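Undergrad: Just dropping this structure here.
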Amino acid sequence: MENNLIQAVYTILGIAAIIGAFKGIDWLISLKYKTKDDCEKCRSKIIESITFDKESLARLETKVDLLLEKFELKPKED
């Protein structure tokens with residue numbers, strides 16, 4: 001009788017340990033993908049700012065080129 005009780009307790013603890021291990025692995029995987037999703041959000045903001053900076057730089061370069069043409073100045077060649 002006592003052996004059956006001990007076996008039942010160990011069986012329940014074993015099942016709980018297996019379920020806990022699966023839950024722990026699932027939690028670790030969800031951390032990875034949560035971080036990846038957050039990274040994707042940040043990456044899109046960074047790409048938007050880089051695109052905006054490139055467009056601004058292209059407009060500025062065009063304006064400088066027009067000014068240099070108007071004053072008939074040419075950049076130095078190395």
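Undergrad: Test each condition in (1) of a type outside the set (Ser, Thr, Tyr); (2) at pLDDT below 85; (3) assigned to a helix (DSSP H, G or I) for residue 24 and report the one that comes out false.
TA: Among (1) of a type outside the set (Ser, Thr, Tyr); (2) at pLDDT below 85; (3) assigned to a helix (DSSP H, G or I), the lone unmet condition for residue 24 is (2).
Undergrad: Now for a separate question. Restrict the check to region 53-76 and report whether at least one residue is β-branched (Val, Ile, Thr), within 32 Å of the chain's Cα centre (by Cα) and either surrounded by 10 or more Cβ atoms within 10 Å (Cβ to Cβ) or part of a helix (DSSP H, G or I) (or both).
TA: Pass one, region 53-76, residues β-branched (Val, Ile, Thr): 62, 64.
Next cut, within 32 Å of the chain's Cα centre (by Cα) only: none.
No, region 53-76 contains no residue that is β-branched (Val, Ile, Thr), within 32 Å of the chain's Cα centre (by Cα) and either surrounded by 10 or more Cβ atoms within 10 Å (Cβ to Cβ) or part of a helix (DSSP H, G or I) (or both).
Undergrad: Another question, if that's okay. So, residue 46, is that one modelled with pLDDT of 85 or more and open to solvent by 80 Å² or more (accessible area, probe 1.4 Å) or not? First the steps, then the outcome.
TA: Numbers: modelled with pLDDT of 85 or more: no; open to solvent by 80 Å² or more (accessible area, probe 1.4 Å): yes.
Answer is no for this residue.
The values are calculated or read from the model by the stated rules, or taken from the named source; none is laboratory data. Source: prediction; values computed, not measured. Virtual Cβ from ideal backbone geometry, glycine too; neighbours counted across all protein chains shown. To get the accessible areas, we keep the full protein, side chains included, count just its heavy atoms, and leave off ligands, DNA and RNA. Shrake-Rupley method; radii C 1.70, N 1.55, O 1.52, S 1.80 Å.
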